[in-house]
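Note sheet for the following structure.
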Amino acid sequence: MAVPTISTITPSVGPGGGGNVIKVTGTNFRQYTPPAYGPSDGVAHCYVRVTVGGEVAVVHTYSATELGVIVPPYGGDIDVEIFPPVDLVLANLDDDGDPISGETATALEAYTYQREPLRQPTMVIEPAFTRLARGLLKMIKRDLLLQSAISTAIEYSEDGLVTATAGVPSIALTGPGVAPDAYGWESEAIEVTQEDGSVLTYATPVMHTLEFGLLGFSDSKQEQLTLMTGLRKVFWRHPYLVLSGDLPSNSLVKMPLVVTDEPRPGLQVADANLRGFVGAIEVRRVPVLYLPAFQRTWPVSTISLQAQKVNGTLVETRAL
């Protein structure tokens, strides 16, 4: 018995519609053995069957240690955002084309189907505010609740009630609002020359405070209280939001997280059995580059960026 093995699969990702060629390497792939006496029939025999995610692939080149395989289309549930990794199974076949018992090799979750990206990757650095918002959500999702998101707008009905679309349970961050950072004010004079030649001077804060509202929804009193307590614990455990900085490389930006309004019950709809709570947090000592573009204080031509390590040591000052 020659039990096959699988060593490598290259590449291990490809389009959902299949059609790409992958190379599978290993050992003991069964080969056609020409007769010892007499002429060969001249037919290219393949005694190996390969399936990817349960779908039979076409083997178009082969040797005892290497196969060229045309990947079949993805055969699983296509109504998912991301296709799960699938197994690649290789089986040696007998002369009748049936699998030989015991001569099978399986590479678990070895191949991944992917849809084509709608936006090609670029060299543009992720906006700093997006990184900040994702950092906040990551904390809440990891520690408390997956159904957490950021909302930049809250609708109000004519009777004054807040209207929001959300599943339950869920948590939403609203805002942000921007304020000067009174807990670490640093400013420099910005001079702006007008068309008539006059010069206006502005004091522009280098550090700011971002103010986020907290909204939570549940259809259970116990769950509502647990969410409120859990959210408060998230910010107990994470008194700072630490993000990677752009300048210099491998630097970190450390911004204090402060709960300014404790989560408290703030909404109840009896007919729908919907309960809600409200609260607020602040992200302090936020560099100007981390503000949302539409809320930056002034569009200035140059600004001095100070990159610091977590311990506060000045690493680099650079004019942008």
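Does Asp246 fit the bill of being at pLDDT below 65, surrounded by 14 or more Cβ atoms within 10 Å (Cβ to Cβ) and acidic (Asp, Glu)? Considered against the rule, which asks whether it is at pLDDT below 65, surrounded by 14 or more Cβ atoms within 10 Å (Cβ to Cβ) and acidic (Asp, Glu), Asp246 comes out as yes.
Number of residues in the range 208-225 that are surrounded by 15 or more Cβ atoms within 10 Å (Cβ to Cβ), among the polar types (S, T, N, Q) and not in a strand (DSSP E or B): the value is 1.
Would you pick out the residues in the range 79-104 that are touching a residue at least 60 places away in the same chain (Cβ under 8 Å) and polar (S, T, N, Q)? Result: Asn92, Thr104.
All conditions in (1) crowded, with 17+ Cβ neighbours inside 10 Å; (2) within 18 Å of Ile281 (Cα to Cα); (3) at pLDDT below 65 hold for Pro205, with the sole exception of (2).
The values are calculated or read from the model by the stated rules, or taken from the named source; none is laboratory data. Here the structure is a predicted model, which is why all the values come from computation and not from measurement. Neighbour counts run over all protein chains shown; Cβ positions are idealised from the backbone, glycine included.
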